[in-house]
Amino acid sequence: MTVYLVDEAFLDIAFSYSALDKDARVVLLQDAVYYAVKGQARGEVYVVEDDITRRGLKSMIHPSVHVIGYADLVQMMERERVINFL
């Protein structure tokens, strides 16, 4: 499994790469979390709760997106291969 850490500037390229990986977990960080509101994200997508709370999006995140804490993110990064798009 691979964890893709993605910021807004790299959304398109990150989703292109992750689409080729059937075991991809895409974590939207910082301003990339706005993408999770519309539910346009493909595959298994996560957002960090602090990022959506800071932007006032907590109640607007699409139901298909997994909301995680920083501790969950750290655990994912410790267990899996990580690719940065930050």
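The values are calculated or read from the model by the stated rules, or taken from the named source; none is laboratory data. Being a predicted model, the structure only gives us computed values, none of them experimental. Neighbour counts run over all protein chains shown; Cβ positions are idealised from the backbone, glycine included. Heads up: the accessible areas ignore ligands, DNA and RNA and are worked out on the full protein's heavy atoms, side chains in. Shrake-Rupley method; radii C 1.70, N 1.55, O 1.52, S 1.80 Å.
Some observations on this one:
- Share of carbon and sulfur in the accessible heavy-atom surface of the chain [1.4 Å probe, %]: 50
- Cα long-axis angle, helix 70-79 against the chain (0 to 90 degrees, to the nearest 10): 10
- Label point 7 Å beyond Cα of M1 along Cβ direction - residues of segment 29-69 with amide nitrogen under 16 Å: 43-48, 65-69
- Residue-averaged 222 nm ellipticity for the chain, from DSSP H runs of 4+ at -39500 (n - 2.57), nearest 500: -8500 deg cm²/dmol
- The chain: relative contact order in percent, alpha carbon pairs under 8 Å with at least 6 residues between: 37
- This model, with +1 at the C-beta of Lys and Arg and -1 at the C-beta of Asp and Glu, gives the chain a dipole about its Cα centre of some 200 debye.
- Segment 27-83 - accessible surface per residue (Å², probe 1.4 Å): 59
- From the coordinates shown, log10 I(q)/I(0) by the Debye sum over Cα atoms at q = 0.13, 0.22 Å⁻¹ corresponds to which of (i) -0.34, -1.02; (ii) -0.41, -1.06; (iii) -0.65, -1.05: (i)
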